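Student: I am attaching a structure below and will ask some questions about it afterwards.
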Amino acid sequence: MNRFYATALCLAAFAVAVPAAAQEDAAQSAPITIGTTHLLEYAPGDQREINVFLPQGYEDGGSYPVLYLIDGGLAQDFLQTIGVARLNDSLERSRPAIIVGVQTKDRQAELLDTPGSIKQEREAFPTAGNGARFRSFLRDKVIPEIDAHYRTSGERAVLGESVAGLFIVNTWLDEPSLFTSYAAINPSLWWNQAANGQRAAKKVADGAERGRIYLTYSNEGPITAGAMTMVAAAAADRGCLVPRPDLTHATTYQQVMPQALQFLFPTGAEFDEEMGFALDCAG
């Protein structure tokens, strides 16, 4: 089994020379450590960042659920996600969780399960179609290593947006036991002429146990909206569909992430209506 190569993930306090008059103050400064970056082999010669954030209180013992964040590199969605998770925790909006950011590089190759079905898709995304390989990377390498190095409870959630959201829907359909709950934000369900929405009902009829799934989309147009409705209908009472036509593809993630975490790791707390924490599912 591949071993992690870990380094502290810090925000450097000072990276330039300090004038002599300020040396005393500088000597009292320290970097802010927010997590740990591990390097794990995806393929020969291809190391991936596996970024880990531990929730407040982890040092006191006990086990924790894990959120696997697709597109979780330091230059991707990791930093903003841990900030929202920490705020949610402080408000008791969602339970504290270990957050594991999994870096992607060629998102179309790694997160789309099939090549494009029409010429325009194949020309725009020529590397598409290796989603199963990335899924096996999560299953066979990332999850076992996290379980081996951290106190995990066995509860695993996964979250991602856009193409990563489509990868999450496909995982929920094709390998539902990999995670216990799912959140797909603006999933690219238009891919392959919305084939993944169309196959959802038949796939769910296989009788496999599937966890809860949070689905939300912005002003994506009728093809995506229709496919999302089909997936939500297949999920039935396991699904939460939250249409957000007031948002765009670029703004949805930041706006809905607190709610997605609330769905994935509910606390059971009751909130005043004025706080705006109601989780209203349309399907």
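Laboratory data are not the source of any read-out in this text; all were calculated from the coordinates shown. Everything numeric in this text was worked out from a predicted model, so none of it was measured. In this analysis, Cβ positions are derived from the backbone assuming ideal geometry, glycine residues included, and neighbour counts consider all displayed protein chains.
Student: Could you list the trypsin sites (Lys or Arg not before Pro) in the stretch 137-213 that lie in coil according to DSSP, counting only those with at most 13 other Cβ atoms within 10 Å of their Cβ?
Tutor: When the trypsin sites (Lys or Arg not before Pro) of the stretch 137-213 are filtered for loop state and at most 13 Cβ neighbours within 10 Å, Arg151 remain.
Student: Please work out the Kirkwood hydrodynamic radius for the chain, using every pair of different C-alpha atoms, and report it in angstroms with one decimal place.
Tutor: Averaging 1/r across every pair of different Cα atoms and inverting gives 19.9 Å.
Student: Identify the residues of the stretch 166-203 with backbone N under 14 Å of a label point that sits 7 angstrom from the Cα of Cys281 along the Cα-to-Cβ direction, or state none.
Tutor: Inside the label zone: 181-184.
Student: So, one more: So if R0 is 30 Å, what FRET efficiency would Ser29 and Ser90 give, r being the distance between their Cβ atoms, rounded to the nearest 0.05?
Tutor: So, using R0 = 30 Å, E works out to roughly 0.70.
Student: A further question follows. With charges only on Cβ, +1 for K and R and -1 for D and E, what is the dipole size of the stretch 37-263 about its Cα centre, in debye, rounded to 20?
Tutor: With Lys and Arg at +1 and Asp and Glu at -1, about 440 debye.
Student: A further question on this structure: Residue farthest toward the positive end of the dipole of the chain, with Cβ of Lys/Arg at +1 and Asp/Glu at -1: which of Ala128, Gly73, Gln56?
Tutor: Most positive-ward Cα: Ala128.
Student: Using the 10 angstrom Cβ neighbour count as an exposure proxy, how do Leu178, Leu74, Leu215, Leu138 rank, fewest first?
Tutor: Ordered from fewest to most neighbouring Cβ atoms within 10 Å, Leu178, Leu74, Leu215, Leu138 come out as Leu74, Leu178, Leu138, Leu215.
Student: Measure off 7 Å from each Cα along the Cα-to-Cβ vector at Ala208 and Glu274, then give the distance between these two points in nanometres to one decimal.
Tutor: Roughly 4.7 nm, to one decimal.
Student: Hey, another quick one. Considering only DSSP beta bridges with both partners in the chain, what is the antiparallel share in %, to the nearest 5?
Tutor: Within the chain, antiparallel bridges account for around 40 percent of the total.
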